[in-house]
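Quick notes on the structure that follows.
The values are calculated or read from the model by the stated rules, or taken from the named source; none is laboratory data. The shown structure was predicted, so the numbers you read here are calculated from the model rather than taken from an experiment. Note that each Cβ is placed from the backbone with ideal geometry, even for glycine, and that neighbours are counted across all protein chains shown.
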């Protein structure tokens, strides 16, 4: 997938900056790789190759798990959701699309999300997930009302309010691009590329390869794709869920490459090819800013290994 970069779209009361950090900028899970916003030439960034074995990975989906929903509702009550995403519905943001009900209902399908590990680990996982999707869809800027990090879940499609013309179509025998369809970033995680739509559609039982627009037209589908990506390991990468809940145990090679558990490794999994293994980028700082705010709201410490500047590729 490819994930996104920081946004700089002004809201009603502020003058519009000249270069919006529209949602989806760097939020397109590569397989899972991501690319930084409009500043990145997506054509030149080669997508990760997805093997048939990787594509066959099925997430931990439980079609109706009330305990998962209860866990989410306890950790993130409606009032907190609204506080976290304070301006998702503020014009020109389109984040009213992302409803609390859709978020909770999607969580019912992923029984392990926010329900494994200690209470502290569960809170950190929620903070990390919400921080990454906030960065992918951000509408914030430095002088925004209530601060840059109150503008998560602003955009639905990559490019914010601007038309998307990139196909994001990679040659694939297993997940060939459908005629007339484009696989640019959509939804909270900014799902991108035909092979990611194909894998997500297969796992979720949805025709996303034939109709990728479902991710931008149905809020439940939208959150389901984000949680699918978060929960699903794609070898050699672990899942973000396992990283945040202690299930990921670094090998000697991982340790040597500084791929240690913590928020920074979720960034590396999502968009490491663009954001990690280099001096801390604006995108990483943006993700970390959201994470810091949400960890505080959830009453939990941020943990270790917050950045990915020294992490090497898997």
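Across segment 287-302, not a single residue is classified as touching a strand residue (DSSP E or B) at 6+ places or on another chain (Cβ under 6 Å), in contact (Cβ under 8 Å) with a residue 60 or more places away in the chain and within 17 Å of residue 129 (Cβ to Cβ).
Of all positions in segment 164-182, none carries a residue that is touching a strand residue (DSSP E or B) at 6+ places or on another chain (Cβ under 7 Å) and outside any loop (DSSP other than H, G, I, E, B). Search segment 117-167 for residues being buried (at least 24 other Cβ atoms within 10 Å of the Cβ) and at pLDDT below 95, and hand back the single one that is farthest from residue 194 (Cα to Cα). For segment 117-167, the residue satisfying everything is 160.
When residues in segment 293-314 are screened for being in a helix (DSSP H, G or I), surrounded by fewer than 24 Cβ atoms within 10 Å (Cβ to Cβ) and touching a helix residue (DSSP H, G or I) at 6+ places or on another chain (Cβ under 8 Å), 3 of them pass. Note on segment 29-115: enclosed helices (runs of 4 or more DSSP H) holding 3 or more residues that are loosely packed, with under 15 Cβ neighbours inside 10 Å and at pLDDT 50 or above are 66-75, 78-84. Does segment 215-237 contain any residue that is surrounded by fewer than 19 Cβ atoms within 10 Å (Cβ to Cβ), assigned to a helix (DSSP H, G or I) and in contact with a helix residue (DSSP H, G or I) (Cβ under 8 Å, 6 or more places away or on another chain)? Yes: segment 215-237 contains one or more residues that are surrounded by fewer than 19 Cβ atoms within 10 Å (Cβ to Cβ), assigned to a helix (DSSP H, G or I) and in contact with a helix residue (DSSP H, G or I) (Cβ under 8 Å, 6 or more places away or on another chain). Of the residues 188, 207, 212, the single one that is surrounded by fewer than 24 Cβ atoms within 10 Å (Cβ to Cβ) and at pLDDT 95 or above is 207.
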